[in-house]
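The values are calculated or read from the model by the stated rules, or taken from the named source; none is laboratory data. Just so it is clear, the structure is predicted and the values come from calculations on it, not from any experiment. Cβ coordinates were reconstructed from backbone atoms using ideal geometry, including for glycine residues, and neighbour counts include every protein chain displayed. Note: accessible area is taken over every heavy atom of the protein model, side chains too, but ligands, DNA and RNA are not part of it. Shrake-Rupley method; radii C 1.70, N 1.55, O 1.52, S 1.80 Å.
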Amino acid sequence: MDIKAAGHGENDRAEEAFDVTMAGVKGLVDAGTVHVPRIFIGPPNELTQFAMCYEPNMQIPVIDLHGTHKQIVDEVRTVSETWGFFQVVNHGVPVSVLEDMIYGVVKFNEQDLDAKKVWYNRDRAKTVRFNSNYDVYHARAANWRDTLIYTRPAAAVDDLFIALGLKPDNLKELGCAKDYTCACHYSPACPEPELTMGSSRHSDPYFLTIHLQDQIGGLQVLHDNQWVNVNPISGGLVVNIGDLLQFPENLSRLCQMTSFQSVQHRVMFTNSNARMLYVILGLCNIIWEKYL
């Protein structure tokens, strides 16, 4: 079936036709697609429901981790309550390591299709899986991206939770410091970037998410009912509060603070000639099914 020609009544078959190729969005681009298929086009108001912020001084907070421990804790607490999103610099991860991660994502997605097909699956029980849109069969619209995902035991997360005023031992007792999920999203150049997104508006079903962007950008945060660009900082990492750190029934078991914000965010295309990619680490996702 020709995915590009699918109408609204054929979406179910179009999604299946797209999925069985195991080529993802990159496969559409390689095949010479010049129009975005209907399965990637969402409701018109999804792109325009909230206005863009064009104030030059409106930026998400940046926290320098070279500060004193008390200063860092206070800053993290404040921005977690007011923004729910912030960038960190001087975090100790060499820029070369971050650049290697970006290079690895690009190299994986731009290799021969046969090599990628080996990893293509939708089995969430697998430690490593590659696919395009985990929710392609039930989302209102698919996102213009392919994703490599892997899950592994969490390590060295204690300082992050201490900075948030939480007790790591209590988190471990709840079973929410056991694993993290790393999702490597790759969005090839889009022929009609005004019609689709790299990631639809959503909040994260984790305790904490860490983002690594390339220098193209596209990540936006909903703050005070307007979309604010998260401009990339060389060597910086973006951190956001997840749903499980906002919910009082989870947080009250750990500390007295219940006002952290899990905010909506999305990824938009900056232009049609550039591919975008970002890597996210979702910490403590197992508590989602265990306690809610």
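The apolar share of the surface of region 1-127, taken as the fraction of accessible area on carbon and sulfur atoms (1.4 Å probe, ligands and nucleic acids excluded), comes to 55 percent. What FRET efficiency comes out for GLN59 versus GLU194 if R0 is 22 angstrom and r is the Cβ-Cβ distance? Round to the nearest 0.05. The calculated FRET efficiency here is 0.35. Remark: spin-label model distance HIS66-ASP179 equals 3.8 nm, labels positioned 7 Å along the Cα→Cβ axis. Taking all protein chains as they are arranged and a probe of 1.4 Å, the heavy atoms of HIS91 leave approximately 40 Å² accessible to solvent. For the pair VAL89 and HIS138 in one chain, pulling the backbone fully straight at 0.36 nm per residue adds 13.9 nm over the alpha carbon distance.
In the complete set of protein chains, residue-level accessible area for LEU47 is approximately 50 Å², probe 1.4 angstrom.
Our estimate of slack between VAL34 and ASN121, defined as 0.36 nm per intervening residue step minus the Cα-Cα distance, is 28.6 nm.
These residues, MET276, MET268, MET22, go from largest to smallest accessible area, 1.4 Å probe, as MET22, MET268, MET276. Label zone (THR78, point 7 Å along Cα-to-C-beta; backbone nitrogen cut-off 19 Å) within region 213-243: 224, 239-241.
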